[in-house]
1. May I ask you to verify whether Arg34 is without any contact (Cβ under 8 Å) to a residue 60 or more places away in the chain and touching a strand residue (DSSP E or B) at 6+ places or on another chain (Cβ under 9 Å)?
2. Just to be sure I understand, how many residues within region 1-10 are assigned to a helix (DSSP H, G or I) and touching a Lys or Arg at 6+ places or on another chain (Cβ under 9 Å)?
3. Yes or no: region 75-83 includes at least one residue that is surrounded by 11 or more Cβ atoms within 10 Å (Cβ to Cβ) and not basic (Lys, Arg).
4. Within the set of pairs 6 or more residues apart or between chains, which connect a residue that is more than 19 Å from Ala47 (Cα to Cα) inside region 74-90 to a residue that is part of a helix (DSSP H, G or I) and modelled with pLDDT under 95 with Cβ atoms less than 8 Å apart?
5. Would you be able to say whether some residue in region 2-13 is basic (Lys, Arg) and surrounded by fewer than 13 Cβ atoms within 10 Å (Cβ to Cβ)?
6. How many residues are more than 19 Å from Val30 (Cα to Cα) and not hydroxyl-bearing (Ser, Thr, Tyr) when one looks only at region 56-92?
7. Which ones in region 61-71 are of a type in the set (A, V, I, L, M) and either without any contact (Cβ under 8 Å) to a residue 24 or more places away in the chain or exposed (fewer than 11 other Cβ atoms within 10 Å of the Cβ) (or both)?
8. Quick check on my filter: what residues within region 16-30 are surrounded by fewer than 12 Cβ atoms within 10 Å (Cβ to Cβ) and within 15 Å of Asp74 (Cβ to Cβ)?
Amino acid sequence: MGLYYELQVVAHKTGLSPKTLRVWIEEGLVTPRRQGKKIVFSENDLARVLLIRRLRDDLGVNLAGIDIILDLLDRLKSLEQEVARLRAELETKGLPLI
């Protein structure tokens, strides 16, 4: 089990307000866990928050655009994992890679 950070800690680490983080959670841009009444962020959640902040602050992307970008990045990651799985399957069967 990795490290988890409470909302206030993530707000401090990222320079964002807890309110902003809650909006992003409500919008589904980031999906941290709940431990009782506490919201806790994994390392991956923290990295995603930093990416969202960069897209918003450095690149000027609005939340709707960020949602689309994150969806595309998630799909790309899933496809890359599927390609890796298929390659490994081909290699175990001794079939040539294209």
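1. Numbers: without any contact (Cβ under 8 Å) to a residue 60 or more places away in the chain: yes; touching a strand residue (DSSP E or B) at 6+ places or on another chain (Cβ under 9 Å): yes.
Spelling it out, Arg34 is indeed without any contact (Cβ under 8 Å) to a residue 60 or more places away in the chain and touching a strand residue (DSSP E or B) at 6+ places or on another chain (Cβ under 9 Å).
2. Here is the first cut: in region 1-10, the residues assigned to a helix (DSSP H, G or I) are 7-10.
Still in the list and also touching a Lys or Arg at 6+ places or on another chain (Cβ under 9 Å): 7.
Qualifying residue count for the region: 1.
3. Here is the first cut: in region 75-83, the ones surrounded by 11 or more Cβ atoms within 10 Å (Cβ to Cβ) are none.
Within region 75-83 (the criterion being surrounded by 11 or more Cβ atoms within 10 Å (Cβ to Cβ) and not basic (Lys, Arg)), the answer is no, since none of the residues qualifies.
4. none
5. Just the residues of region 2-13 that are basic (Lys, Arg), to begin with: 13.
With surrounded by fewer than 13 Cβ atoms within 10 Å (Cβ to Cβ) added as a condition, the list becomes none.
No, that holds for no residue.
6. We begin by selecting, within region 56-92, every residue more than 19 Å from Val30 (Cα to Cα); these are 79-92.
Subset that is not hydroxyl-bearing (Ser, Thr, Tyr): 79-91.
The number of residues fulfilling the criteria is 13.
7. Within region 61-71, the subset of a type in the set (A, V, I, L, M) is 61, 63-64, 66, 68-70.
Across region 61-71, the qualifying residues are Val61, Ala64, Ile68, Ile69.
8. Passing the criteria: only Gly28.
The values are calculated or read from the model by the stated rules, or taken from the named source; none is laboratory data. Note that the structure is a prediction, hence the values are computed from the model and not measured. For neighbour counting, all protein chains shown are included, and Cβ atoms are generated from backbone atoms with ideal geometry for every residue, glycine included.
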